[in-house]
Each structure stands twice: as C-alpha cells, then as structure tokens.
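The values are calculated or read from the model by the stated rules, or taken from the named source; none is laboratory data. As the structure is a prediction and not an experimental result, all values here were calculated from the model. As a convention, Cβ positions derive from the backbone with ideal geometry for all residues, glycine included, and neighbour counts pool all protein chains shown. Heavy atoms of the whole protein, side chains included, go into the accessibility calculation; ligands, DNA and RNA do not. Shrake-Rupley method; radii C 1.70, N 1.55, O 1.52, S 1.80 Å.
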Amino acid sequence: MSTRRSLRNSFWMAMVCMLALTGCSLLPAEEEGLKPPLVKPPQQEYSTVETVRGDISKEIRGNGAVESYSSEAVFFEAAGGRIEEVLVKAGDTVKKGDVLVQLDVGNMDIELKQLEINLLRSRTALRTAKLSGDEDALRIAQLQYDIEQIKYDRLEEAFLSRRLVAGIDGQVTFVADLKEGDVVESYQTLVMISDPAKLRIAFQVESSPDLFNVGIGFKALLKMGDKEFEGKVTQTPSSAPETVDERLRERYSRFIFVESDQLPEEAELGTRIDVRLLLEERKDVLIIPRSGLRSYLGRTFVRVLEDGDKVREVDVEPGLTGTTQVEIVNGLNEGDLVVMP
C-alpha cells in the first residue's frame, strides 16, 4: 500500500515538473532593449575674416560746406538799443551802405530837424555879419554858426549810429533771431555778410590728438558729388585768429577751413563737400578689421581659426590704425582666419 502511494506521488511530481518546463517554453522571449542613437554634438560656427594685404591710411574725415572766407560780422559799436526793424533775412543780397537793422531813435529825428533849422539861421546871421563890416559881430556870428554845426554833427552821428549798415557787397548768411522791441548790446553780432566770389570749405571736427598733426598748407582731398579735387588747409583751431566775438571764437575752435582753386563752378554758398585729410598712409601691409583686435590685461591679441574648428589666441603687434582697419606688423600671416566678435 505504501509502495503504491509512493509511486503515485512520484508520478505527480514528474507531471508538475513537466508542466513547469512546458509553461516556461510557452512564455514569449523578452526582447533586448534598443540602444540610444549616438548624437554628434553640433560644430560651433565662427564668423571669420581673412588676413589680407592692402593699403591702410590714417585720416580725418568730415562733411563740410562752402562758405565765404571774406565775411563781415556786423554789429553796433558805440551802444546798443531797442530794435525797431530788421530789414534783411538770410540769403538776401546787399550792397555796401544798405541799412540792415534799425534801432529805435526816440525823438532824435525831430531834434535833428530843429538843429538843422538853427544851423540855417546861424548861417544867415553869419552872412549878414560879413556884409556889416563889424568885426565883433562877424566873430560872434561865426562862433554861433560853429556851435550850431557841432550840435548838428553830433546828433546826426548819434542818429546814424542807430542804423546798422552793410560794409561790403555780398550775401547775408546770418541774421540773429530778433524782433521789434528786443534789446541788443554793443558788439553783439546781428548780421553776417559774405562775399560769394571768395569761397572756402568749412567742416567741423571732433577734438582729437590727431588735430595737432594738421597745419596750415596741409593737403585736403575733396569730393563734391562725383567730382574729386584737392585743396589746402588755411585755418585750424590752433591757428584761428583772435576775436572778441564769442560766437566766432567758439566756431573757430571746432572747425577746419580749406581753400581750393579747383572748386567746381557750380559750387556756391552752402554746397556740401566731403573732406579727407590724409595724415599717414602705408601700402601693401597685412590688415584686419579693427574689431578683430582684442586687448586684455596688457595683451594685444587675435583669435585665429585653425583646422576648421580649433580656435587659438595669437599675440600680435599692431601698426597703423585706420578708421575701420588696423595694420598687423607681427603675429599673423596672409590668409590667417581671424575670428570676429
């Protein structure tokens, strides 16, 4: 009995093992996980400029305007006063002696007429005294006439001094912003008159150490439209004449003046002229953009791109510096690629 039970247990144990093995074989095989794709890091792109040979210059540039070098600043000398009328405007053509500005004269015109009457009366009295033959009467009449003449002359001078007149023929290029009733001082420039036949170019410059390298006679390269010509510097801030006029003194401190005997015939007052003052020039040298030159802690260097993706810092010796380019004396070779900021 025990033997039969033992065989039965062995049979069922064998069946369980077979089912277990069969069950394992029925389960799907576990798939192997996919490997992540290899991502190649993007290559950094650089903006570069090739080191080249060329010409470089150091210069002062400006945009000037044609003006007259024969100009008159017109102002009241003896005394100022209250404006009665401004008779001209910028652009007007005037002749010598034309009235430009009239000040208020008060009753001076009436007083002048009265003195003229007194002068005529004293002249008549002088004639009568000459006919009388009385030396004392003649002497008195002569003295009275002289007194009346002096009174008239002085008042007439004062009356005429209330008019501002043109001292030269020319074109009005400046009129102070004045209106009736405004008070003006003596030696205050009210009008500028320019001779349109005597022209020069004036252009404003920024304060720079380079200005000390510009002197009288310095060559200027000029351009009006598509016409190029030359001129010479005739006045710089350091060579400007002394003047009591504050407006002129301030202008002279900021302008360089150039004259040219090649000025085109169509040039007139106000015409715009491009001006170049060539301070220094070098030809066939290595040049790069100024923005490619770097400085840090006393070093002057550039970044150079090599083998397409390698950047290396190279110490350089700069030479002449122009407006947009710089000469490289040592440190670079022609064709080197300079990395730009």
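Answer yes or no: is there a residue in the stretch 125-135 that is closer than 18 Å to R154 by Cα and either part of a loop (DSSP other than H, G, I, E, B) or open to solvent by 40 Å² or more (accessible area, probe 1.4 Å) (or both).
Within the stretch 125-135, the subset closer than 18 Å to R154 by Cα is none.
Among the residues of the stretch 125-135, not one is closer than 18 Å to R154 by Cα and either part of a loop (DSSP other than H, G, I, E, B) or open to solvent by 40 Å² or more (accessible area, probe 1.4 Å) (or both), which makes the answer no.
With the condition kept exactly as written, say whether any residue in the stretch 190-207 is surrounded by fewer than 16 Cβ atoms within 10 Å (Cβ to Cβ) and of a type in the set (K, R). Yes, because at least one residue in the stretch 190-207 is surrounded by fewer than 16 Cβ atoms within 10 Å (Cβ to Cβ) and of a type in the set (K, R). Scanning the stretch 94-114 for residues that are surrounded by 13 or more Cβ atoms within 10 Å (Cβ to Cβ) and over 30 Å from E148 (Cβ atoms) yields V94, D98, L100, V101. Among the residues of the stretch 78-91, the ones that are open to solvent by 40 Å² or more (accessible area, probe 1.4 Å) and either under 27 Å from R254 (Cβ atoms) or assigned to a strand (DSSP E or B) (or both) come to 7 in all.
Among the candidates E185, E259, single out the residue that is in contact with a strand residue (DSSP E or B) (Cβ under 6 Å, 6 or more places away or on another chain), surrounded by fewer than 18 Cβ atoms within 10 Å (Cβ to Cβ) and of a type in the set (D, E).
E259
Restricting L320, L305 to those that are farther than 21 Å from T236 by Cα, at pLDDT below 95, touching a Leu at 6+ places or on another chain (Cβ under 6 Å) and not in a loop (DSSP other than H, G, I, E, B) reduces the list to L305.
Among what's in the stretch 47-75 and is at pLDDT below 90 and in a loop (DSSP other than H, G, I, E, B), pick the residue that is nearest to the chain's Cα centre (by Cα). Step by step, filter the stretch 47-75, then rank; the result is Y69.
Put simply, of D284, D309, D315 the only residue that is exposed (fewer than 12 other Cβ atoms within 10 Å of the Cβ), touching a residue at least 40 places away in the same chain (Cβ under 8 Å) and over 14 Å from Y46 (Cα atoms) is D284.
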